[in-house]
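A short write-up of the structure that comes next.
The values are calculated or read from the model by the stated rules, or taken from the named source; none is laboratory data. Computed from a prediction, not measured in an experiment: that's the story for all the values here. Ideal geometry is used to build each Cβ from the backbone, glycine not excepted, and the neighbour counts take in all protein chains shown. These accessible areas exclude ligands, DNA and RNA; they are computed on the full protein's heavy atoms, side chains included. Shrake-Rupley method; radii C 1.70, N 1.55, O 1.52, S 1.80 Å.
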Amino acid sequence: VDWREQLREFVRNTCRGKDVSNWRRPNRRFIIDDIYMPSMVSERVKSLTLGQDMSGSTGCAERMAAMSEIVGMLKEVHPECVDLIYWGSSVVGHETYTESTMDTIAYVTKPKEGGGTDPSTIIPFLKDKKITPDCIIIFTDGFIDNWGTDWPAPVLWVICGSGGSNITAPVGKTIHVDMSKE
C-alpha cells in the first residue's frame, strides 16, 4: 500500500468533522430503533499538528520527503489551521499557518536543528500553547527515546528511511516510507 495514500486516509478518517449530513452511511445510533438518520460528516479539517524530527539522525532526504508530503496533503484536506512543530530533545520551532498562508508553507518555513529524539516534548508544548489539534502527524526516522503516552489527539507516526523499517510506535498508528523508492 502506498504510504501517501495511508497518510491521506488517516487524515480523512481521523479528522472528519460534523458540518454536513450524508445519507451514504446511516447514523448507527438510530438503526436499532428502526430509524434511519444521516451521518454528519465534513470535508474540512479544523486543526492539524505536524511534528518534524530535527534530530541529528534525520537526513536531508527524509526532511524533504516529509515537507513534500505535507504540502501535498494540505492541498487535499484543506485544514483551517496547521501548527508545524520542529522538535529534537525539545520543541525547537513552531510555526502556525492558516488557510490564507497554507500554500506558502514550503517557501517560508524556517526549520531549526534540534539534538536528541524526544517527541514526547510536543505534548506539554501543545498544552501550554492551548493547541487542540484534530490529529497529530509525526515525521521521524524512528530512533526515539520516549514516544510519549498522553497525546491529546490521534497520532500517526510516519517513519522515513530504511533504518526504521522494523520500528512500530507503541502508541498511535505507524506507517513506513522506504526512501530508496522515492
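Checked against the criterion of being assigned to a loop (DSSP other than H, G, I, E, B), modelled with pLDDT of 75 or more and of a type in the set (A, V, I, L, M, F, W, C), segment 47-56 has at least one qualifying residue. The set of residues in segment 89-133 that are more than 14 Å from Thr49 (Cα to Cα), open to solvent by less than 30 Å² (accessible area, probe 1.4 Å) and in contact with a helix residue (DSSP H, G or I) (Cβ under 8 Å, 6 or more places away or on another chain) contains only Thr109.
Residue-by-condition table, conditions (1) modelled with pLDDT of 90 or more; (2) more than 26 Å from Lys75 (Cα to Cα):
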| site | (1), (2) |
| --- | --- |
| Glu113 | no, yes |
| Thr140 | no, no |
| Ile144 | no, yes |
| Pro152 | yes, no |
